[in-house]
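The values are calculated or read from the model by the stated rules, or taken from the named source; none is laboratory data. Predicted model, so just to flag it, every value in this text is computed and none were measured. Every residue, glycine as well, gets a Cβ built from its backbone with ideal geometry; the counts of neighbours run over all protein chains shown.
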Amino acid sequence: MGWMRRLRNTVFASDIDETFAHETRAHLAERVDLYVRRGMTHEEAEEKARRRMGNLTLAREQTRDADTLPWLDDLGRDIRYAVRTLRRTPGFTAIAVLTLALGIGANTAMFSVVYGILLRPFPYGASDRLLLVQRERDLNGAHRPVSAFFNSPADLDGWRQGLKSFDSIAVYSAEVAALSTSDGNDVINTSIVSDTFFSTLAGRIAAGRPIGTVDDLTPSVVISERLARRLFGNIQSAVGRYVTLSSRTYAVVGISDSSLQFPSPKTDAWMPAGFMKTVSPTCCGFRMFGRLKPGATIEQATAEAVVAANALGPTVFGPRANLRATIVSLRDQVVGSVRPALFMLFAAVGLLLLVACANLVNLLLARQMARAREIATRRALGASRARLVMQFMAEVSVLAGAGVSVGVAIAIESVRLLKRWQPPGLPRLDAVHVDIPVLLFSIAVGLLAAIGAATIPAFRSGRDISAATFGGSRMTGATRRIRHVICASELAVSLVLLIGASLLGRSLVRLMGTDIGVTTDHVVTASLNMAFGGRPSDAQAVERIGRVLQRIEAVPGVTTAGVGSALPPNASRLTLTLRRDGDSVDYLAAGVAATPDYFHALGMRLISGRLFTVQDDLDHPPVMIMNLDTARRFFGQDNPVGRTMSLPVSRNGKNGREDMTLVGVVSNVKYSGLDAAADDAVYRPFKQQTAPAPFLVVRTAVDPQMLIPALRREINIADRSMVVADVRPLDAIVLDAAAQPRFRSALLAVIALLALAMAVVGLYGVVAYSVAQRSQEIGVRMALGARERDVLQMVLGEGALMACA
Amino acid sequence: MTKVLRAKKPDGLQGTLDLLVLKTLNREPLHGYGIAARIQSITDDSLRVEEGSLYPALHRMEQAGWISAEWQVTATNRKARLYRLTREGRKRLTEQEHKWGQLAAAVSKVLRFA
């Protein structure tokens, strides 16, 4: 390969001239010998031989060009020259590189996040064809997803017949289970899956095999790599071992790779649905997903799902259930909620890059002015305009190269920080890396920035130089105006970013300051679970919870303690559907089974009537408490206390309805998110309506964090088989609920401040430069009697004018 | 009549120099001086190559892969680069000979009939 050799010759500047010299010397010598043999004197012979050779210098140049890539050689020289000149002005170089590096670094980091989360394929086979089939129930205008696709295998068969454009469908449910280990019980996330789950998902299995049809009726389990390492030390030896989940023993048939994160990244065990249905017939709210046939469209799938949902809906929910089916791709389901925020941040770093480029243009223009005389001299000595532009471009390329390198370093570091921070609410963080596509992006951005920034100065240079030749080193008016416009737009862009950031910040403050209806400070909460290994009877539940509360109230520092089946701001475990007489649709309400002190511990306000007492048990008439809005909706503006209503109840797992009397009205509380409206809520005394997995709420007189170990210990003493999880202060839970908005506001604020800092540096540059240029003029003004203040006023006025523009 | 050939930018004459060099090397490998001397003796000194310009042409053809070169000690005990035709170069030579033939025929037709 000729050009490879030429490239090597160019880069290593090897012995090509020497070769030429050697060859021609030998050639000359032969000829001299010949002429001497013909009888010439040595001098004559040499003279004649030389003449025969012709212009050797020209030949050497041409030979060199033939052996190398001359343009590359030029470029190399330009770059070396650029590095030398840049080194002579370390201040300029540092600022230019830093500006570019920040712009490129921010863009690279953001792109790696966007690419990893939104674009990188999921680690499942042909993941673009994985669709979630969801059913929603219209509850008084609010569409709520419902599960329970599948109460019997026959249900799933019905769906299979209806969804013809799917290759296969599978159902799964997300449940928690108690993991028994040598040091007690622990709650893990599990999924109950149909036999087609793993074949439909086509995720990676690290060892063993996935659960298939043969396992459906057996106690087998696939566990996550994480759990396998924790329990058995390594993956290989875990296959064939046994784990105890919620008092049942399962054989481990396979270990899922850490990339298999469905239904959730936290899922640690997958168990067969067939087996679960035999041991616990009421088990599981299933959801459905499927793999679309190649060539089939989402629209087709949706149409089929709607038909199937209408055909199969009434069997589960009754004829008036108002069901509808929707289809959403796995990607949209997982990342849809963060997409707008990520795009917004991406746009913000784009603006940051714009500011960085503008700054670079300004710096380059100023630098070019400073060197105008030098450039004019070089032109006069015969450098072509193209050559000068090439040299200028080389300089910019060196800056861009350095900018990209430092920028990538910044990006790698920020991605590392981001991964360590693990902002909650940001899915697929494990798919975020700085890898080849990201690096290509960053190089492309660097090139684009360099070319963009170099264009204006490159084309201005000619004019400025002619101006410089005649008028000393002063910018032409046009160039100065360009600099001013650039500066003003930099400020404008960074102001836009700042305003955006402050808006986000304000809505964040409002969100965090949302009144969720309870007092969050000095409250510790925990989630309790008595249902692992079998649902307790109502009497057992009441007795066990009573024992736990009694122990906890004796702990020093505890003011009062209660349990309830919902926890603000975003957890509720029971929902009720209520219907007003004459209405055709149901209202959805949080059903909260609560002990009397639940209200006190959360600091809820009693508006009228009374709270529950210890007497509200099965021996007394059924009672309820409503929040203000619900009471108004059902009973109007009149005093609702004493009115009755028929509500669904569940006794020892059996569902029924009962008339109950409203004894009190409390303030509104949010149970489904900070940014959601306050929920309709119906409270029932725990003794009349138990819940197997309630939340514990404890009001403390001391720092709640300090009581956490004591609470865990006391619960364990009171009831060894009670599974406790998530013991945390309520404040922290509220903070977490705002995690995603917090993440994006914080990031946008950082970006905006960076942009502002850059703009300020740019402004400083322009003003300082114009002052330096006008030092003569200023000197004259002062000599003529202008005071320091006047001059200051003039300079500040000009700066302010730019800022205003 | 003496004609001076120079290896310059691609034009008809450069192709001619290439053709001469390739043809000369087709018989046996030679070093630069040998090539010049051979062309000189065959053409009875009427077609004189400016010898220095032989080298850019040789190096260019070497980079193009038509000829290869290696250092050797000559009969007169001097170190020189011996150029040798490659397979690629032989192909090139056939092509160029053919083209030259066509050109010569065309020119002579013009001379005869115009």
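Key figures
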quantity	calculated
Qualifying positions in region A:43-63 - among the small types (G, A, S) and facing another protein chain (nearest Cβ under 9 Å)	A:A49, A:G54, A:A59
Yes/no for A:R8 being within 30 Å of B:G65 (Cβ to Cβ) and facing chain B (nearest Cβ under 10 Å)	no
Single unsatisfied condition, A:Q689 versus (1) assigned to a loop (DSSP other than H, G, I, E, B); (2) touching a helix residue (DSSP H, G or I) at 6+ places or on another chain (Cβ under 8 Å)	(2)
Number of the exception - B:R60 against (1) within 8 Å of chain A (Cβ to nearest Cβ); (2) touching a Lys or Arg at 6+ places or on another chain (Cβ under 9 Å)	(2)
Qualifying position, being modelled with pLDDT under 85, of a type outside the set (V, I, T), under 30 Å from A:D586 (Cβ atoms) and part of a loop (DSSP other than H, G, I, E, B), among A:P319, A:P314, A:P263	A:P319
Failed item, numbered, when A:Y242 is tested on (1) within 28 Å of A:M530 (Cα to Cα); (2) touching a helix residue (DSSP H, G or I) at 6+ places or on another chain (Cβ under 9 Å)	(2)
Residue that is surrounded by the most Cβ atoms within 10 Å (Cβ to Cβ) [pool: residues in region A:392-451 that are without any contact (Cβ under 8 Å) to a residue 24 or more places away in the chain and in contact with a Leu (Cβ under 8 Å, 6 or more places away or on another chain)]	A:K419
Among residues of region A:266-297, those that are at pLDDT 85 or above and outside any loop (DSSP other than H, G, I, E, B), counted	15
Qualifying positions in region A:80-117 - more than 30 Å from A:F343 (Cβ to Cβ) and either of a type in the set (G, A, S) or in contact with a helix residue (DSSP H, G or I) (Cβ under 8 Å, 6 or more places away or on another chain) (or both)	A:Y81, A:A82, A:V83, A:T85, A:L86, A:R87, A:T89, A:G91, A:F92, A:T93, A:A94, A:I95
Residues within region B:63-79 that are closer than 14 Å to B:L22 by Cβ, outside any helix (DSSP H, G or I) and facing another protein chain (nearest Cβ under 7 Å), tallied	1
Number of the condition not met by B:Q102 [criteria: (1) within 13 Å of chain A (Cβ to nearest Cβ); (2) in a helix (DSSP H, G or I)]	(1)
Subset tally (residues that are among the hydrophobic types (A, V, I, L, M, F, W, C) and under 19 Å from A:T63 (Cβ atoms)) for region A:14-50	7
Elements of type strands (runs of 3 or more DSSP E) in region A:622-684, at least 1 residues being surrounded by 14 or more Cβ atoms within 10 Å (Cβ to Cβ) and among the acidic types (D, E)	A:654-666
Check on B:S53, more than 14 Å from the chain's Cα centre (by Cα) and among the hydroxyl-bearing types (S, T, Y)	no
Hey, A:T644 of a type outside the set (A, V, I, L, M), more than 23 Å from A:A677 (Cα to Cα) and in contact with a helix residue (DSSP H, G or I) (Cβ under 8 Å, 6 or more places away or on another chain) or not	no
Residues of region A:520-557 that turn out to be closer than 17 Å to A:I717 by Cα and in a strand (DSSP E or B), as a count	4
Qualifying positions in region A:198-246 - under 32 Å from the mean Cα position of the chain (by Cα) and in a helix (DSSP H, G or I)	A:F198, A:S199, A:T200, A:L201, A:E225, A:R226, A:L227, A:A228, A:R229, A:R230, A:L231
Residue check for A:D629: touching a residue at least 60 places away in the same chain (Cβ under 8 Å) and not aromatic (F, W, Y)	no
Test: residue in region A:64-83 that is without any contact (Cβ under 8 Å) to a residue 60 or more places away in the chain and at the interface with chain B (Cβ under 8 Å from one of its Cβ atoms)	yes
Conditions (1) under 30 Å from A:M393 (Cα atoms); (2) within 12 Å of another protein chain (Cβ to nearest Cβ); (3) not β-branched (V, I, T); number of the one not met by A:R37	(1)
Any hit, region A:14-33, residues being modelled with pLDDT of 85 or more and more than 12 Å from chain B (Cβ to nearest Cβ)	no
Candidate set: region B:1-33, residues that are crowded, with 17+ Cβ neighbours inside 10 Å, among the hydrophobic types (A, V, I, L, M, F, W, C) and under 19 Å from B:H98 (Cβ atoms); chosen: the one modelled with the lowest pLDDT	B:L17
In region B:38-53, the residues that are assigned to a helix (DSSP H, G or I) and at the interface with chain A (Cβ under 8 Å from one of its Cβ atoms)	B:E51, B:G52, B:S53
Test for A:A126: is it within 30 Å of A:F198 (Cβ to Cβ) and touching a Lys or Arg at 6+ places or on another chain (Cβ under 8 Å)	yes
Residue count for region A:763-781, restricted to those that are at pLDDT below 75 and exposed (fewer than 14 other Cβ atoms within 10 Å of the Cβ)	5
Failed item in (1) farther than 30 Å from A:V795 by Cα; (2) within 24 Å of the chain's Cα centre (by Cα), with A:T525 passing the rest	(2)
Test result for A:L796, aliphatic (A, V, I, L, M) and modelled with pLDDT of 75 or more	no
Verdict on A:V723 being within 22 Å of A:A590 (Cα to Cα) and in contact (Cβ under 8 Å) with a residue 24 or more places away in the chain	no
Hits in region A:709-762 (condition: surrounded by fewer than 22 Cβ atoms within 10 Å (Cβ to Cβ) and polar (S, T, N, Q))	A:N716, A:S721, A:Q740
Output for region A:598-613, where each listed residue is touching a residue at least 24 places away in the same chain (Cβ under 8 Å) and surrounded by fewer than 22 Cβ atoms within 10 Å (Cβ to Cβ)	A:H600, A:G603, A:R605, A:L606, A:I607, A:S608, A:G609, A:R610, A:L611
Residue within region A:28-51 that is under 60 Å from the mean Cα position of the chain (by Cα), surrounded by 15 or more Cβ atoms within 10 Å (Cβ to Cβ) and not in a helix (DSSP H, G or I) present	no
